[in-house]
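Since every read-out is calculated from the coordinates, none of them should be taken as a lab result. Note that the coordinates shown come from a computational prediction; the quantities given were computed from them, not determined experimentally. Heads up, the Cβs are rebuilt from the backbone with ideal geometry, glycines too, and the neighbour counts pull from every protein chain shown.
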């Protein structure tokens, strides 16, 4: 199998598994316990917290471990909005191309009588800092704009957006799930107040993420229970997963620059081949974009049928976000870009990773070319 769906998840790095194994076997203590096994688990978690903090330019006390990016997004957006509502701040700013964890969090807040300004991207998938500035109000509670898009790879000017929010004294949250381990992150230099991470996007384990929350920002808790995570996120910590997250982020950041160059070259090879197919169209802008993502639509081709055909050929790809793969509707991101419904329905996302090769790229192009031709032939025969 050729795996070309790294935006959905990544394989667990062997070094990460090795780091996790002691906490799945002999060091199984509860980190809240006072005896030696518990203290060992606590030390592992705090060491991981220090590692993550150092990699994003934060203080360890500003890192909170979660069950993943979805929980971190929910906690940041809902928690800050509800916290700020006590001061009469009931307005939210976000975008129409966010991950569903943010989109549906803002929708839930609207049901609590919050107002939402949902910013539209340009045709390349980019959000203008000026649009954020224009949307800001005296009662804005929180602004949430993702760092890099999971479907088209567009990279947002979060440092400029963050600076605008900082000047206005409005908390700024960014979903950095797709960016972490690939793009540089410095929460202070980029004016980030809250940031979501998820380990399985950078060769770590599933089921663990982190929320960076700048000191002084006090989002309301989502979970009630024990006093874990400094009393702000209840639930027994999983040392193995947390250690895995920290190790994975450390490895990804150490290889980020050289890996990005190599993967971008493979992406360009795939992109050139796919755009040579008649009736193809690139979705989203060329730059700045994540190194591994290319999203192309093919006229007269159903996206899901294309995926099934590629699966038969041993290629794992996607037509959009993995969390929406059960839907027959086209990507909300592509529709927000103004891609016509029919073309959005015929989209293919290829997202390449560390283990992909030039041979993989060439095989993908050949398989997609043949699959598109086959599906169009079947479509013509059925008319």
* 0 to 90° range, to nearest 10: angle between helix 158-168 axis and the chain longest Cα axis -> 40 degrees
* So, in nm, how far is label residue 34 from label residue 380 when the simple model puts each one 7 Å beyond its Cα toward the Cβ? -> 7.9 nm
* Structure fact -> Between the alpha carbon centres of region 97-149 and region 246-262 the gap in Å comes to 29 Å
* Could you give the angle, 0 to 90 degrees to the nearest 10, between helix 14-24's Cα long axis and the longest principal axis of the Cα atoms of the chain? -> 40 degrees
* Asked: With the chain treated as a Gaussian network of Cα nodes joined by springs under 10 Å, which of 347, 198, 67 yields the largest mean-square fluctuation?
  -> 67
* Report, for region 64-181, the % of DSSP beta bridges that are antiparallel, rounded to 5. => 10 percent
* Taking neighbour counts of Cβ atoms within 10 Å as a proxy for exposure, in what order, fewest first, do 10, 357 appear? -> 357, 10
* Asked: Hey, what angle do you get for helix 303-312 against the long axis of the chain, alpha-carbon based, 0 to 90 degrees rounded to 10?
  -> 90 degrees
* Structure fact -> Shape descriptor, region 175-238: equivalent ellipsoid semi-axes (Cα gyration tensor, sqrt 5λ, whole Å, largest first) stand at 22, 18, 8
* To do: For region 1-67 and region 177-215, compute the distance between their C-alpha centroids and round to whole Å.
  => 14 Å
* To do: For residue 110, put the label point 7 Å out on the Cα→Cβ axis and report which residues of region 129-147 keep their amide N under 16 Å from it.
  => 144
* With both partners inside the chain, how many of the DSSP beta bridges are antiparallel, as a percent to the nearest 5? => 55 percent
* With the chain treated as a Gaussian network of Cα nodes joined by springs under 10 Å, which of 348, 275, 241 yields the largest mean-square fluctuation? -> 275
